[in-house]
Amino acid sequence: MLNSIKSKILQSVKSKRLNVFGAFFLIAFLILVVTKLSEIYVETIPFGIEYKNLPEANIITLDSIPKVNVTVSTHGFNLLSYYFQNKTFILDIENSTSIKESHYVWLAESGAYSLKEQLGNSVKIISVKPDTLRLPFGTLSTKKVPVVLKSKFNYALGYDTLDGLKLVPDSVKIIGASQEISKIDFVETKSFSFEDIKSNVNIELDLEFSKPSKRLKLSEGKIRVEAEVEKFTEGTFEVPITILNLPNDVEINYFPKQIKVSYYVSLKDYKHIKSSDFKIECNYNDLLNMDVLFFVPKLIVNSDKVKSLKMKQNKVEYIIIK
């Protein structure tokens, strides 16, 4: 039986009967579609809202795009077009809304004309829901906030930077409604880790902006991190102690008389550092004000080439002789 059916189909193809049948079937289908699309239908179409003629000083503070559901009556051909294009209603803020309590208010009753104008004369509007749109707005402002480096930079052993990392720019402007940007105090870079650094740093990092509103913008999306990286070494000096504000009628003996100071400096500047660049001072008045039995030495450095420094001792014992 299958062979018989197969044979008849082959004969129909050869005789072009199947082709004729297909053509008639297609014509019938097209006539049916045209007939259906010529009929009147009632459908509800959701429209997203876009704004025009919004004053430059203002910004709509809604996070989501508002929508209106428009129920229309029209031919199927007109409805078909809405399935192949963006369903957007352009709301004229200046001419189609009123202002009430920091809101733009749009009423479907008075604003239906602009909606009708957009839809065309062949479409009849039956209803618009919601019949009122309340769009909160704020005054567009800017606020300058610092950039906080969230990344980690770890230098290779013996390498460092004297002046630290430099952010370019080190601050950015937040643009948005004043009541929203007032809550933001800084902007962070995206987290990233750099290891075993031995050469100068010059990289670009994205900013991570966890903004409370999609309406907020940054003046910059990226910043640069720069640093001059050098080979560093450690040096030491024995620095004598100076006693300040010692009364003329008081004589003391203190020890040690000098303290060993270690410091960190770039290799190229090592030979420029002298013991005279360091001072250690003990203030006699501190004994009276703090009621302590020892001096707390204060280390002073007079060179901007020193990265870090440390005293090997943080107490100076004393004895009052007279």
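Observations on the model:
- Among the residues making up the stretch 186-203, those that are at pLDDT 90 or above, surrounded by 13 or more Cβ atoms within 10 Å (Cβ to Cβ) and closer than 14 Å to residue 165 by Cα are 189, 197, 201, 203.
Residues checked against (1) of a type in the set (Ser, Thr, Tyr); (2) in contact (Cβ under 8 Å) with a residue 12 or more places away in the chain; (3) assigned to a loop (DSSP other than H, G, I, E, B); (4) in contact with a Pro (Cβ under 8 Å, 6 or more places away or on another chain):
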residue	(1), (2), (3), (4)
260	no, yes, no, no
263	yes, yes, no, no
268	no, yes, no, no
282	no, yes, no, yes
299	no, yes, no, no
308	yes, yes, no, no
322	no, yes, yes, no
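- Of all residues in the stretch 51-74 being touching a residue at least 40 places away in the same chain (Cβ under 8 Å) and of a type in the set (D, E, K, R), the one that is surrounded by the fewest Cβ atoms within 10 Å (Cβ to Cβ): 56
- Among residues of the stretch 160-181, those that are surrounded by 16 or more Cβ atoms within 10 Å (Cβ to Cβ) and either in a helix (DSSP H, G or I) or at pLDDT below 85 (or both), counted: 5
- Only a single criterion out of (1) surrounded by fewer than 16 Cβ atoms within 10 Å (Cβ to Cβ); (2) closer than 15 Å to residue 234 by Cβ is not satisfied by residue 309, namely (1).
- Cβ separations smaller than 7 Å between residues 6+ apart or across chains give the following pairs from the stretch 126-148 residues that are of a type in the set (Val, Ile, Thr) to residues that are in a loop (DSSP other than H, G, I, E, B): 139/57; 145/184; 145/185; 145/186; 147/170; 148/186.
The values are calculated or read from the model by the stated rules, or taken from the named source; none is laboratory data. Just so it is clear, the model here is predicted, and its values are computed rather than measured. Cβ atoms come from the backbone with ideal geometry, glycine included; neighbour counts cover every protein chain shown.
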